Every structure is written in C-alpha cells, then in structure tokens.
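This report concerns only the one structure given below.
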Amino acid sequence: MKFNLRAVSGEDYDNVLLKWWKNWGWEAPPKDFLPETGLIVSKDSIDICAGFLYLTNSKVGLTEFVVSNKEYRDSDRGEALDFLLDCILELADENGCKYAHVILKNKSLLRRYKRAGYIESDKNVLELVKAWQ
C-alpha cells in the first residue's frame, strides 16, 4: 500500500493538526469538539492529511475538518486526500451509516468531494455553533 492510515491520537491535535489548520489560515476547532473517529494518512512517516467522522444516532455520518499538511507538496497529495475520503466513507459504512454529509467552503475540497460522488444539497448556507459552560 502506498499510504498508511492510522487513528488520530490525543497528541496529534497539539503536535500536528493545530499547525496544519494555522498554516491554511483556518480556525482550529477545540479539541473536545472533535470526535474520536479521526484518521490520518501518511507516507514514509510523513503525515499528509487528516479528517474526522461524526457518528450520529441515525444512518448519517458527518465528514468534517479535513485538513492537510501544507508543507507536503509531492505529486501524490491529491491521491492521499482521495484515499482519506475513501477511508472515512469505509469507516462510516462499518459503523452502519448509509449517508455521508459534509459542510465545507474550500473550493478544492468541494471538487474532490464531488468527484467522490457527493452531490450538492444546498447553497449559501451559514454554519453556526453555540457553546455553553
């Protein structure tokens, strides 16, 4: 296999993911906002990309917070992202999901999701989050 896949560990948030989100100019979600079902794709001990699957009490799995290592510029970067999306869908299927849902605005990722078979269900949506305590 060209790529390696592993679960996101507790250390990955501080040591890998925060840097990636910052490098892309994205606001990092709080650590306790993320589900335990996160995956990281790597090659030759270099982490390339990561993403998360939120499992629900329905047949829907939410694919969220896909991010990549901006410093990784090898020609197989897109292939690694496609592999990640496939693995997230496989994880969703293994957990009984029948549908995958994603909210995103990054145009490059949007094209990638569409090539993977996702269809647009709405446009001009604003995402809102409320925290308490």
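Checking Val16, Val66 one by one, the residue that is assigned to a strand (DSSP E or B) and either over 22 Å from Lys105 (Cβ atoms) or in contact (Cβ under 8 Å) with a residue 24 or more places away in the chain (or both) is Val66 and no other. All of Leu5, Leu84 fail the test of being farther than 24 Å from Val129 by Cα, touching a Phe, Trp or Tyr at 6+ places or on another chain (Cβ under 9 Å) and part of a helix (DSSP H, G or I), apart from Leu84. Evaluated against (1) without any contact (Cβ under 8 Å) to a residue 24 or more places away in the chain; (2) surrounded by 13 or more Cβ atoms within 10 Å (Cβ to Cβ); (3) not basic (Lys, Arg), Asp44 falls short on exactly one condition, (2). Within the set Tyr118, Tyr72, the sole residue that is in a loop (DSSP other than H, G, I, E, B) and either modelled with pLDDT of 95 or more or within 11 Å of the chain's Cα centre (by Cα) (or both) turns out to be Tyr72. If you take the residues of segment 75-108 that are hydrophobic (A, V, I, L, M, F, W, C) and touching a helix residue (DSSP H, G or I) at 6+ places or on another chain (Cβ under 8 Å), which of them is surrounded by the most Cβ atoms within 10 Å (Cβ to Cβ)? Ranking the qualifying residues of segment 75-108, first place goes to Leu85. Of the residues Leu110, Leu53, Leu84, the single one that is closer than 20 Å to Trp26 by Cα and at pLDDT below 90 is Leu110.
Taken over segment 86-133, the criterion of being under 10 Å from Gly61 (Cβ atoms) and of a type in the set (A, V, I, L, M) is satisfied by Ile88, Leu89, Leu91, Ala92, Ala100, Val102.
The values are calculated or read from the model by the stated rules, or taken from the named source; none is laboratory data. Worth saying up front: this structure is predicted, and the values here are computed from it rather than measured. Glycine gets a Cβ as well: all are built from the backbone with ideal geometry, and neighbour counts include every protein chain shown.
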